[in-house]
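Colleague: This is the structure, below, for whatever I ask next.
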Amino acid sequence: MVKIIVVGSMNMDIVNHVLKRPLPGETIKSLKTDYNPGGKGANQAVAAAQAGAQVIFIGAVGNDPFASQLLSAISGSGVQSNFIIHKDGNTGVASITVDASGENHIILSEGANGLLTVNDIQDSLDVFDTADIVMLQNEINWDTTRYVMEESYKRGISVYFNPAPALQIPSDVLHFIDVLILNETEAESVTGIPISNDYGAVQASVKLINGGVGNVVLTLGNKGSMFTDSSCNVMYVPSFDVQAVDTTAAGDTFIGALAASTGSKDISEEALRFASAAAAIKITRKGALGGIPNKSEIEAFLTTINSKK
Ligand code: RIB
């Protein structure tokens, strides 16, 4: 079984469903408010576990009531949670609006996620020795993320990095990253290259590969994904056409399913299709980690699609 360690964030998502987002200075009423367990790290961990991997999560929660709700959600989804640390203060919170088209907008208040330190990771370093993949995002503090990248690289573990929220990635860490997965907005921020067409997408991916990244997966929303390998060979994989209800965590679902199905840094077309199917199912469901499909659901979806061809 593929063994994955996720070092990342856990948030309580406070979600307001609206018909459309308010204009500047406008006040609108929410149609409904939900409290959903989420956070990019937790979502990716759950997506990988439900897609069939053995997953250990390392992260931090506060000492408020959201902490226990998140812990039971993550462990109830099959993720090993005993490395999660309690910090004084608030658990991470994401304030989310989801509009009538299913599109989301997120403001993150990092809380305990920002308190996960290099020392905390050093206490759990032994567990890295048996991992196939380490997955990281950008909702914990950068020093910790960088340390995990470097330690994983030294141990020959495949490093998956999702730079969300977007940041400038220091050039001296690019070679630690085996698989960089990012959307168009993140790719523009990271590379400075506008991704307004295929040419921009290829240029940005090639820039990252030339900088030292092993492989790049650029997610292109309903246009699918573009994979670029270390020799700059490019492959497009289309997305599946579904009715969007809530796009929250679709990218996280894609990443977790991709890692579980690949098990290493060697990405195949089949693994990208599996990840796309997982993301497609997620956007037909409300919530973050609570809406992530399991392996049988993803396989059944792909079987149905193939039988319609
Ligand atoms: O990617 C979706 C996630 O981003 C949400 O669950 C929210 O917590 C934010 O971290």
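Read-outs: derived from the displayed coordinates by stated rules, not from any lab. The structure presented is a predicted model; accordingly, all values stated were derived computationally and were not measured. Glycine gets a Cβ as well: all are built from the backbone with ideal geometry, and neighbour counts include every protein chain shown.
Colleague: Size of the dipole of the chain about the Cα centre, Lys and Arg at +1 and Asp and Glu at -1 on the beta carbon, nothing else charged, in debye to 20?
Modeller: Values: 20 positive and 32 negative charges, 153 e Å.
Approximately 740 debye in magnitude.
Colleague: Extending each Cα 7 Å along its Cβ direction at Ser231 and Ser196, get the distance between those two points in nm, one decimal.
Modeller: Here the modelled spin labels are 3.4 nm apart.
Colleague: With springs only between Cα atoms under 10 Å apart, run a GNM on the chain and tell me which of Ile28, Ile255, Ile298 wobbles the most.
Modeller: Looking only at Ile28, Ile255, Ile298, the largest GNM fluctuation is found for Ile28.
Colleague: For Thr247, Thr185, Thr219, Thr27, which order do you get if you count the other beta carbons within 10 Å of each Cβ and list the fewest first? Intermediate values should be presented prior to the final figure.
Modeller: Working: Thr247 18, Thr185 12, Thr219 24, Thr27 6.
Placing the least packed residue first, the sequence is Thr27, Thr185, Thr247, Thr219.
Colleague: Something else: Only Cα pairs within less than 10 Å get springs; with that Gaussian network setup on the chain, which residue of Ala47, Ala257, Ala244 has the largest fluctuation?
Modeller: So, out of Ala47, Ala257, Ala244, the one fluctuating most is Ala244.
Colleague: Gaussian network model of the chain, Cα springs within a sub-10 Å range: biggest mean-square fluctuation belongs to which of Arg285, Arg21, Arg273?
Modeller: Taking springs between Cα atoms under 10 Å, the residue moving most is Arg21.
Colleague: Students often get this wrong, so check it: of Lys32/Lys286; Lys154/Lys265; Lys32/Lys295; Lys40/Lys282; Lys154/Lys207, which have C-alpha atoms separated by over 19 Å?
Modeller: Values: Lys32/Lys286 12 Å; Lys154/Lys265 15 Å; Lys32/Lys295 30 Å; Lys40/Lys282 14 Å; Lys154/Lys207 24 Å.
Exceeds cut-off: Lys32/Lys295; Lys154/Lys207.
Colleague: Here's another thing I want to ask about it. Subtracting the Cα-Cα distance from 0.36 nm times the residue separation, let me have the gained length for Glu269 to Arg285 in nm, one decimal. Mind dumping the intermediate values first?
Modeller: Numbers: separation 16, 0.36 × 16 = 5.76 nm, distance 2.51 nm.
Once the chain is fully extended between Glu269 and Arg285, it gains 3.3 nm.
Colleague: Would you order Thr191, Thr262, Thr130, Thr33 from fewest to most other beta-carbon atoms within 10 Å of each residue's own beta-carbon?
Modeller: Values: Thr191 21, Thr262 24, Thr130 12, Thr33 9.
Exposure proxy ranking, most exposed first: Thr33, Thr130, Thr191, Thr262.
Colleague: May I pose another question? Just to check I understand the Karplus step: with θ = phi - 60° and J = 6.51 cos²θ - 1.76 cosθ + 1.60, what whole-Hz values come out for the range 108-114, glycine and proline as x?
Modeller: Values per residue, Gly and Pro as x: 9, 10, 5, x, 4, 4, x Hz.
Colleague: Turning to a different aspect of this structure: Dipole of the range 1-58, Cα-centred, from +1 at each Lys and Arg C-beta and -1 at each Asp and Glu C-beta, to the nearest 20 debye? Present the calculation step by step, with values, prior to reporting the outcome.
Modeller: Details: 6 positive and 3 negative charges, 20 e Å.
That gives the range 1-58 a dipole magnitude of about 100 debye.
Colleague: From the square roots a ≥ b ≥ c of the eigenvalues of the alpha-carbon gyration tensor of the range 90-193, which class results: rounded (a/c under 1.5), prolate (a/b over b/c), or oblate?
Modeller: Working: a/c = 2.11, a/b = 1.40, b/c = 1.50.
Oblate.
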